[in-house]
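> This is the structure I have questions about; it appears just below.
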Amino acid sequence: MSPSSPVPAGVEGGPAGSARGRRARPAGGGRERPTGGGRRAGAPLPLLLPALVGILFLLLPLLALLIRAPWRDLPDQLTSAQVWQALRLSLLSATAATALSLALGVPLAWLLARTDFPGRGLLRALVTLPLVLPPVVGGVALLLALGRNGVVGQWLDAWFGITLPFTTTGVVLAETFVAMPFLVISVEGTLRAADPRYEEAAATLGASRFTAFRRVTLPLIAPGVLAGAVLAWARALGEFGATITFAGNFPGRTQTMPLAVYLALQNDPAAAIALSLVLLAVSVAVLAALRDRWLTAS
Amino acid sequence: MNRTSRRAPRRLLAGIGAAAVLLAAGACSSDGSDGSGDTRGSGGGASGRPTGTVTVFAAASLQESFTTLGKTFEKRYPGTKVAFNFGGSDSLAAGITGGAPADVFASASPRTMKTVTDAGDAAGTPATFVRNRLEIAALQGNPDHISSLKDLTRSGLKVVLCAETVPCGAATRTALEASGLKLTPVSYEQDVKSALTKVELKEADAAVVYRTDVKAAGGKVEGVEFPESAEAVNDYPIVRLKNAGNASGAKAFLALVNSAEGRKVLGAAGFLTP
């Protein structure tokens, strides 16, 4: 396939665009908004109306969460040990899953973007399958592969005494399975947008392909890698289906925030809302911290 | 292996099915009232033949037996259709109090039924039509020689329980408290079927589930009865709902569930009939 073979357009435009955007106007993200307001006045109605409905549709549920939140009981709800246990586990496992995704996903993205081998298109489709797979199905598939009785898992158990289901490691693996494709897609898109001539120049100056990757390519695509990592981290933080199916649900060991929310919803909706608020606050905090790189993407 | 590869899509289908039922229920509520109007018009009265679609919200553990009864119903009253929405009793109750159009509600616990009666959505008093007992689901052939609840506390044994927020988990806790045992599972599963699946897949050595689930699993798990389960028998109440679009159909369905034939089907699935 040629280097310009199909890459999800949004992804290619996203991280790469944000990278370019940042270079073009290093600190100007916030100051551009007034001009944006000027443009909005001229927005044609057929575009403006659906856009406003879209905004309402996305924000209304979040607003409802805030309106119906049990603000008075909130301090009690949030000081319970179980909430902090779940939050700690969520942050820990999502970060570990992101690290694992980076370690495996960046080389994988490089392989997909920079090398040519038969079946590469098919391989890309396969490794990004978890994007569209219902996470519960992913969890069942992980059980069949890595479970105590699974295709590979039975040997892990027999040879090394390692069992993955019902462990925190299992949570990390389930989250990685679901989140890594986001990183791969994002990094691959950035790699394709990056000019390969820099690497070629490095090669002509005697750098090995790995050195060129480490010293030239990686700094070049760093914004895309970061964007992908944030995306993967956010996806891992919200992961539910694969986690509960593969790793089960035990407080402090495998019960992450989404699992705690789901189970609380069954008999204590107020607690579920409180937990959701915490998760919402954490997500907003992370997005705000990365605002420069993320939200100002043109 | 075969079992799970079927299970996952089935769960998907269940989700799609639930959505379809909701759609169908929305579409047929006018249908149903037309039907009852017809009955009244033709002077059929209370004994009039049920027509149209009967929408039944029922606990997930009733899936096998109610599906059978639904087919019997449709055969007995040609032209009728029974639309089921199987799910966790809590979410079904939440759907009904939230205005989901249903004719009959069969719940796995009096507590969830109470939320429906408290909201004034029930027509008449709920009646217990079956009971369910807990049973230990051990691996096929019972390689760990589990014969009592106490055996589950053995170290090195991987046991999964239902989360205490769902009826089977609450019942398990009652049984454990009655026996004074302390059992630390590897996981508190979100519903009884996923607890069972973990044993079917041999990921866990045992689970505490309902007798009916062990039955439904066929030979894939081995059921072990334990006396403490008598302390935590689950009553299943059923009731006709007030804003039922199809009152005659709902009455006829309740009559079938309580008939000798209904009891036979439910008994065969492992339920205890009161």
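> With respect to the numbered conditions (1) farther than 19 Å from A:THR98 by Cα; (2) at pLDDT 85 or above, which one is the sole condition not fulfilled by A:GLY228?
The single condition A:GLY228 does not satisfy is (1).
> So A:LEU275 passes all but one of these: (1) within 14 Å of chain B (Cβ to nearest Cβ); (2) of a type outside the set (Gly, Ala, Ser); (3) farther than 24 Å from B:ALA195 by Cα; (4) surrounded by fewer than 19 Cβ atoms within 10 Å (Cβ to Cβ). Which condition number does it fail?
(4)
> Another one. Of the numbered conditions (1) surrounded by fewer than 18 Cβ atoms within 10 Å (Cβ to Cβ); (2) of a type in the set (D, E, K, R); (3) more than 14 Å from every other protein chain (Cβ to nearest Cβ), B:ASP213 fails exactly one; give the number of that condition.
(1)
> Determine whether segment B:94-115 contains at least one residue that is among the aliphatic types (A, V, I, L, M), surrounded by fewer than 23 Cβ atoms within 10 Å (Cβ to Cβ) and within 14 Å of chain A (Cβ to nearest Cβ).
Yes - at least one qualifying residue is present in segment B:94-115.
> Residues in segment A:256-272 that are within 23 Å of the chain's Cα centre (by Cα), within 8 Å of chain B (Cβ to nearest Cβ) and in a loop (DSSP other than H, G, I, E, B): how many?
The number of residues fulfilling the criteria is 0.
> Any residue in segment B:107-114 that is among the charged types (D, E, K, R), modelled with pLDDT under 90 and closer than 23 Å to B:SER65 by Cα? Spell out the reasoning first.
To start, the set of residues in segment B:107-114 that are among the charged types (D, E, K, R) comprises B:111, B:114.
If we keep only those that are modelled with pLDDT under 90 as well, we get B:111.
Next cut, closer than 23 Å to B:SER65 by Cα only: B:111.
Yes, segment B:107-114 contains a residue that is among the charged types (D, E, K, R), modelled with pLDDT under 90 and closer than 23 Å to B:SER65 by Cα.
> Take B:GLU74 and tell me if it is surrounded by fewer than 16 Cβ atoms within 10 Å (Cβ to Cβ), at pLDDT 90 or above and either more than 11 Å from every other protein chain (Cβ to nearest Cβ) or touching a Lys or Arg at 6+ places or on another chain (Cβ under 6 Å) (or both).
Considered against the rule, which asks whether it is surrounded by fewer than 16 Cβ atoms within 10 Å (Cβ to Cβ), at pLDDT 90 or above and either more than 11 Å from every other protein chain (Cβ to nearest Cβ) or touching a Lys or Arg at 6+ places or on another chain (Cβ under 6 Å) (or both), B:GLU74 comes out as yes.
> Applying the selection to segment A:254-263, what residues are surrounded by 24 or more Cβ atoms within 10 Å (Cβ to Cβ) and without any contact (Cβ under 8 Å) to a residue 40 or more places away in the chain?
Selection gives A:LEU263 alone.
> Of all residues in segment B:190-203, which are within 8 Å of another protein chain (Cβ to nearest Cβ) and touching a residue at least 12 places away in the same chain (Cβ under 8 Å)?
Pass one, segment B:190-203, residues within 8 Å of another protein chain (Cβ to nearest Cβ): B:190, B:194, B:198, B:201-203.
B:GLN190, B:LYS198, B:LEU201, B:LYS202, B:GLU203, listed by residue number.
> Is there a residue in segment B:257-271 that is closer than 20 Å to B:THR80 by Cα, crowded, with 24+ Cβ neighbours inside 10 Å and touching a residue at least 12 places away in the same chain (Cβ under 8 Å)?
Yes, some residue in segment B:257-271 is closer than 20 Å to B:THR80 by Cα, crowded, with 24+ Cβ neighbours inside 10 Å and touching a residue at least 12 places away in the same chain (Cβ under 8 Å).
> Can you give me the number of residues within segment B:183-201 that are within 17 Å of A:THR168 (Cα to Cα) and in contact with a Lys or Arg (Cβ under 6 Å, 6 or more places away or on another chain)?
Residues flagged as within 17 Å of A:THR168 (Cα to Cα) and in contact with a Lys or Arg (Cβ under 6 Å, 6 or more places away or on another chain) within segment B:183-201 amount to 1.
> Pairs needed: first member in segment A:52-67, assigned to a helix (DSSP H, G or I); second member anywhere, not hydroxyl-bearing (Ser, Thr, Tyr); C-beta distance under 9 Å; at least 6 residues apart or different chains.
Within 9 Å, the pairs are A:LEU62/A:LEU280; A:LEU65/A:ILE273; A:LEU65/A:LEU277; A:LEU65/A:LEU280; A:LEU66/A:LEU277; A:LEU66/A:LEU280.
> Another one. Would you please list the contacts, defined by Cβ atoms under 6 Å and residues six or more apart or on different chains, that run from a residue in segment A:238-253 that is without any contact (Cβ under 8 Å) to a residue 60 or more places away in the chain to a residue that is crowded, with 20+ Cβ neighbours inside 10 Å and part of a loop (DSSP other than H, G, I, E, B)?
A:ASN249/A:GLN255
> Looking at (1) over 23 Å from A:PRO269 (Cα atoms); (2) at pLDDT 90 or above; (3) not in a loop (DSSP other than H, G, I, E, B), can you tell me which one B:GLY26 breaks?
(2) is the only condition that B:GLY26 fails.
> Something else now. Please give the number of the condition A:VAL172 fails out of (1) in a helix (DSSP H, G or I); (2) among the hydrophobic types (A, V, I, L, M, F, W, C); (3) farther than 22 Å from A:LEU129 by Cα.
The failed condition is (3).
> From B:GLY267, B:GLY219, B:GLY223, B:GLY262, grab the single residue that is assigned to a strand (DSSP E or B) and more than 14 Å from chain A (Cβ to nearest Cβ).
Result of the check over B:GLY267, B:GLY219, B:GLY223, B:GLY262: B:GLY223.
> For B:LYS251, are the conditions met, namely being in the same structural domain as B:TYR77 (by TED's automatic domain parsing) and surrounded by fewer than 18 Cβ atoms within 10 Å (Cβ to Cβ)?
Here the answer is no, as B:LYS251 does not meet what is asked.
> What number of residues within segment A:72-92 satisfy the criterion of being among the basic types (Lys, Arg) and under 22 Å from the mean Cα position of the chain (by Cα)?
So the answer is 1.
> A further question on this structure: Do you know which residues across segment A:175-198 are without any contact (Cβ under 8 Å) to a residue 40 or more places away in the chain and either surrounded by 24 or more Cβ atoms within 10 Å (Cβ to Cβ) or not in a loop (DSSP other than H, G, I, E, B) (or both)?
Residues satisfying the conditions are A:ARG197, A:TYR198.
> Among the residues that make up segment A:17-24, is at least one of them outside any helix (DSSP H, G or I), modelled with pLDDT under 75, of a type in the set (A, V, I, L, M) and touching a helix residue (DSSP H, G or I) at 6+ places or on another chain (Cβ under 7 Å)?
Looking for residues that are outside any helix (DSSP H, G or I), modelled with pLDDT under 75, of a type in the set (A, V, I, L, M) and touching a helix residue (DSSP H, G or I) at 6+ places or on another chain (Cβ under 7 Å), one finds none in segment A:17-24, hence no.
> Next question. Can you tell me which residues in segment A:104-124 are at negative phi and exposed (fewer than 12 other Cβ atoms within 10 Å of the Cβ)?
Hits for segment A:104-124 are A:THR115, A:ASP116, A:PHE117, A:PRO118, A:LEU122.
> Out of all the residues in segment A:125-164, which are out of contact with any helix residue (DSSP H, G or I) (no Cβ under 9 Å at 6 or more places or on another chain), more than 10 Å from chain B (Cβ to nearest Cβ) and outside any loop (DSSP other than H, G, I, E, B)?
A:ALA125, A:LEU126, A:TRP155, A:ASP157, A:ALA158, A:TRP159, A:PHE160
The values are calculated or read from the model by the stated rules, or taken from the named source; none is laboratory data. Bear in mind that the values here come from a model prediction, so they are computed numbers and not experimental data. Note: ideal-geometry Cβ built from the backbone for every residue, glycine included; neighbour counts use all protein chains shown.
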